[in-house]
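Computed from the coordinates by the stated procedures, all read-outs in this text should not be read as laboratory data. All values derive from a computational prediction rather than experimental measurement. We place every Cβ from the backbone using ideal geometry, glycine too, and count neighbours over all the protein chains shown.
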Amino acid sequence: MNAPAAPIGPPMWLLAEVTYRCPLHCVFCYNPVDFARHEDELSTDDWLRVLHEGRELGAVQCGFSGGEPLLRDDLEVLIAEARRLGYYTNLITSGVGLTEARLDAFKAAGLDHIQLSFQDSSREINDFLTHTRTFELKQRVGEMIKARGWPMVMNVVIHRLNIEHIGRIIEMADALGAEYLELANAQYYSWALLNRDQLMPSREQLRRAEAVTDEWKARLAERMRILFVVPDYHEGKPKKCMNGWGNVFLTVTPDGTAQPCHTARMLPGLDFPNVQEHSLRHVWFESEGFNHYRGTGWMKEPCASCEDKEKDYGGCRCQAYLLAADPDAADPVCPKSPHHEHVAAALEQAETAAPSTKPLIFRDPKESRRLCGQD
Amino acid sequence: MDGTPRLGHGFRFQWEPAQSCHVLLYPEGMIRLNQSAGEILARCDGNRDIAAIVADLEQAFASPGLRPEVEAFLTMAIGKRWLRLDAPTP
């Protein structure tokens, strides 16, 4: 085990993934592909204790996500406690199932911020782009959010199937009264990796999308802030994943497994603690899972002698495992990686004009069981 | 410069014992504040106008002539939407 050289600071973010249940079937979902194997959920009392322990460690931001967090009946109880403890509370939701009564309960609980995500399948893109059901749902929910004084923050995942419509998407977000819009290019983990051939845009598509976004940024500067998140495959630069392993984020998954990011459970040979057995203090400071990739001591070449190693910490461990079958390797997104060919090949594939003939795999429990061989 | 500053939409200001400083929290983010920024923002409660904030700071720190420093900070903070400035009541 590699002991980190620098003292470990407190976590800033507690991410409560309260459930993997979800009414949607997004093809780019970052929940684990085998989520159906992890159906257990922490009790209300366990979550309350986790919130308390996280705040004691010094976490200031608390995110409630999933799955669809609205499916937890106790969400307002958890939000109220988080707010009372002094967290800034963020709810990340698709808005599906959100009612006036529920929003009133969240307001009374002191919820600080709602991020309304635009979930989609190819069907829903069409819905959205043609002003039908999805648009109406978002409009209704958006109005309910604004009426209660919350800022209107929207997130849309961008990929090959909607990237050509990015101007239209921004226009729609403006019509919905969005004050912040995050256009996040799909990252290729979990379900998005299964569907990568269908989802990855070409360089030209990406270039055009950025140009269109820049035009809209200038036009809407007074009323909307737009953030365009470039996919790291195209950028050719490893990202400082999660702002450093065990550095800022502490994620607790629905069954209580604590991880430095929401996908780290896939990494082989790492033992992530469960909050039902360990305090968050132990999880953050002492557990093998959180210490293993802290700092730079675990690195091998080309990272170990790289001048950027403190900047990007070798990129993403999950991406290294998924593409190079080695979680200790340099992130293959980096041109210095001996496995960069995998990324280059995927990018080349995306340059071909022909649409992929592979069917999209939609995120649902049945597919999940099939994919992990339980069906 | 005149008027009554209050926190911007979606921002929250609080003392963080774990970091021994005031912070400004907003959707998915945090700004750590130095002592003087913290002292100014602590007084931007939507009740005190700029003149009252300056007077209060000058008294608390027994230091006259703080108005330029306060105005510079408020201008920056309004530009970043940390604060809104309500027009002075006639």
In Å, what is the Rg of the alpha-carbon atoms in segment A:1-93, and how long is Dmax? 14.8, 44
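Expressed in nm to one decimal, what extension gain is obtained for the pair A:Leu347 and A:Lys146 from 0.36 nm per residue of sequence separation less their Cα-Cα distance?
Numbers: separation 201, 0.36 × 201 = 72.36 nm, distance 4.03 nm.
Extra length from A:Leu347 to A:Lys146 when fully extended: 68.3 nm.
Charges at C-beta only: +1 for Lys and Arg, -1 for Asp and Glu. How large is the resulting dipole of chain A about its Cα centre, in Debye rounded to 20?
On the way: 41 positive and 54 negative charges, 115 e Å.
Charge dipole, chain A, about its Cα centre: 560 debye, nearest 20.
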Where does the Debye-calculated log10 I(q)/I(0) of segment A:156-231 sit at q = 0.11, 0.12, 0.19 Å⁻¹, using only Cα point scatterers of equal weight, no solvent? -0.27, -0.32, -0.75
The lysines whose Cα lies under 26 Å from the Cα of A:Lys366, excluding any fewer than 8 residues away in the same chain, are A:Lys358
Give me the distance between the Cα centres of segment A:61-92 and segment A:146-170, rounded to whole Å. 22
Have a look at A:Tyr30, A:His282, A:Val156 and report the one farthest towards the positive end of the charge dipole of the protein assembly as shown, computed about the Cα centre with Cβ charges (Lys/Arg +1, Asp/Glu -1). A:Val156
In debye to the nearest 20, the charge dipole size for segment A:188-264, taken about the Cα centre with +1 at each Lys and Arg Cβ and -1 at each Asp and Glu Cβ, equals 200
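Please give me the summed charge of the neighbours of B:Ala18: other residues whose Cβ is under 12 Å from its Cβ, Lys and Arg +1, Asp and Glu -1. Show your work: numbers first, answer last.
On the way: positive: A:Arg55, B:Arg32; negative: A:Glu56, B:Glu16.
That works out to 0.
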Provide, as a two-decimal number, the C-alpha radius of gyration of segment B:4-84 over 2.2 N^0.38 Å, N being how many residues it has. 1.05
Considering segment A:129-266, what Rg and Dmax in Å follow from its alpha-carbon atoms? 16.8, 45
Net +/- balance of residues flanking A:Leu111 in space, Cβ distance below 15 Å, scoring K and R +1, D and E -1: +1
Any idea how far the Cα center of segment B:6-71 sits from the one of segment A:305-375, in Å? 45
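Take A:Arg363, A:Arg370 and order them by how many other Cβ atoms sit within 10 Å, fewest up front. Mind showing how you got there, number by number?
Working: A:Arg363 25, A:Arg370 13.
The fewest-first ordering by Cβ neighbours comes to A:Arg370, A:Arg363.
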Can you pull the mean other chain C-beta count within 10 Å for peptide A:324-332? 0
The lysines whose Cα lies under 24 Å from the Cα of A:Lys107, excluding any fewer than 8 residues away in the same chain, are A:Lys138, A:Lys146
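Ignoring the sites themselves, what is the longest stretch of chain B with no trypsin sites (Lys or Arg not before Pro) in a DSSP loop and at most 16 other beta-carbon atoms within 10 Å? Mind showing how you got there, number by number?
Working: sites that count: B:Arg48, B:Lys80, B:Arg81.
Answer from the scan: B:1-47.
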Can you list which of the trypsin sites (Lys or Arg not before Pro) found in segment A:215-253 are DSSP loop residues with at most 12 other C-beta atoms within 10 Å? A:Arg223
Just to be sure I understand the curve: with the Debye formula and one point per C-alpha of the protein assembly as shown, what is log10 I(q)/I(0) at q = 0.07, 0.08, 0.13 Å⁻¹? -0.39, -0.52, -1.37
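Using a 10 Å cut-off on Cβ to Cβ distances, tally the other chain neighbours for every residue of B:12-20 and report the average as a whole number. Walk me through the intermediate numbers first.
Working: counts 8, 0, 3, 1, 4, 3, 10, 5, 0.
Mean number of neighbouring Cβ atoms from other chains: 4.
Using alpha carbons only, what's the Rg to Rh ratio of segment A:214-368 with Rh from Kirkwood?
Values: Rg = 18.5 Å, Rh = 17.9 Å.
Ratio of gyration radius to Kirkwood radius for segment A:214-368: 1.03.
Indicate, rounded to the nearest 5 percent, the antiparallel portion of the DSSP beta bridges found entirely in the protein assembly as shown. It would help to have the intermediate numbers written out before the result.
Values: 16 of 49 bridges.
For the protein assembly as shown, the DSSP antiparallel bridge percentage is about 35.
Could you work out the longest stretch of chain A that avoids the GluC sites (Glu not before Pro) located in DSSP loops with at most 11 other Cβ atoms within 10 Å? Let's see the in-between values first.
On the way: sites that count: A:Glu222, A:Glu277, A:Glu307.
For GluC sites (Glu not before Pro) (loop position, at most 11 other Cβ atoms within 10 Å), the longest site-free span of chain A is A:1-221.
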Rank A:Thr19, A:Thr251, A:Thr357 by mean-square fluctuation in a GNM of chain A with C-alpha springs under 10 angstrom and give only the top-ranked residue. A:Thr357
Towards the positive end of the charge dipole of chain A, with charges on Cβ (+1 Lys, Arg; -1 Asp, Glu), say which of A:Leu227, A:Thr19, A:Ala108 has the farthest Cα. A:Leu227
Taking segment B:49-90, how much of its Cα-Cα pair set, in percent, is spaced more than 11 angstrom apart? 67
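Just how large is the dipole of chain B about the Cα centre, in debye to the nearest 20, putting +1 at every Lys and Arg Cβ and -1 at every Asp and Glu Cβ?
Values: 9 positive and 11 negative charges, 53 e Å.
With only Lys, Arg, Asp and Glu charged at Cβ, the dipole is about 260 debye.
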